[in-house]
Amino acid sequence: NVKTGDVFPSSFTHKGPAEELRSARTFTGGQMAEIYDSSRGLVKIAPCQWSPNLDIAFWLSQDDDTILKYLSTSPMAEPPHFVQHMKSTIQFLLEHPDSDSLFPGGQPQLYHRTDTGDWERAD
């Protein structure tokens, strides 16, 4: 709280557009990138690459403690949804083994806010 100086954990229920794609990028070693263009009000997800890796399906059969221990850099500090988030990211990668299909013609994915505040894909 900037008025009182009180510090407390934050919680964001909405994670922005294309959360699984953005997570897949970082999970596969891609750089975290500045994706918000405030002057245009757009989220721009540039093309990224990963190779098919069916071996990652192994993680979907592991218990939560194992996933937390081996896929987190700070297991004691992760939010309660961490394991489910990792599983959905792995599932996304298995469903999209070729990242090129997500960026037809090598074009980025663009998103803008609607009048209701939701994110929608821009053409």
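Once C-alpha pairs closer than 8 Å and six or more residues apart are averaged by separation and normalised to the residue number of the range 38-95, the relative contact order reads 44 percent.
Let me have the relative contact order for the chain, percent, based on Cα pairs under 8 Å that are six or more residues apart.
31
Dividing the helix sum by the residues of the chain, where each DSSP H run of 4 or more adds -39500 (n - 2.57), gives a mean residue ellipticity at 222 nm of -7500 deg cm²/dmol. The listed peptides 75-84, 3-12, ordered by packing as a protection proxy, come out as 75-84, 3-12 (highest mean of other Cβ atoms within 10 Å first). Loop-located GluC sites (Glu not before Pro) in the range 1-97 (DSSP state other than H, G, I, E, B) with a sparse environment of at most 10 neighbouring Cβ atoms within 10 Å: Glu34. By the rule of a C-alpha distance below 28 Å, with chain neighbours fewer than 8 residues away ignored, the lysines paired with Lys69 are Lys15, Lys87. Accessible surface computed residue by residue for the chain, with neighbouring protein chains in place and a 1.4 Å probe, gives 72 Å² per residue.
Projected label points at Gln91 and Ser38, each 7 Å from Cα along the beta carbon direction, are separated by 3.5 nanometres. Converting the Cα gyration tensor eigenvalues of the chain into ellipsoid dimensions via √(5λ) gives semi-axes, longest first, of 26, 25, 12 Å.
The values are calculated or read from the model by the stated rules, or taken from the named source; none is laboratory data. From a predicted model like this one, the values you see are computed outputs, not experimental measurements. Neighbour counts run over all protein chains shown; Cβ positions are idealised from the backbone, glycine included. Calculation scope for accessible area: heavy atoms of the full protein, side chains included, ligands and nucleic acids excluded. Shrake-Rupley method; radii C 1.70, N 1.55, O 1.52, S 1.80 Å.
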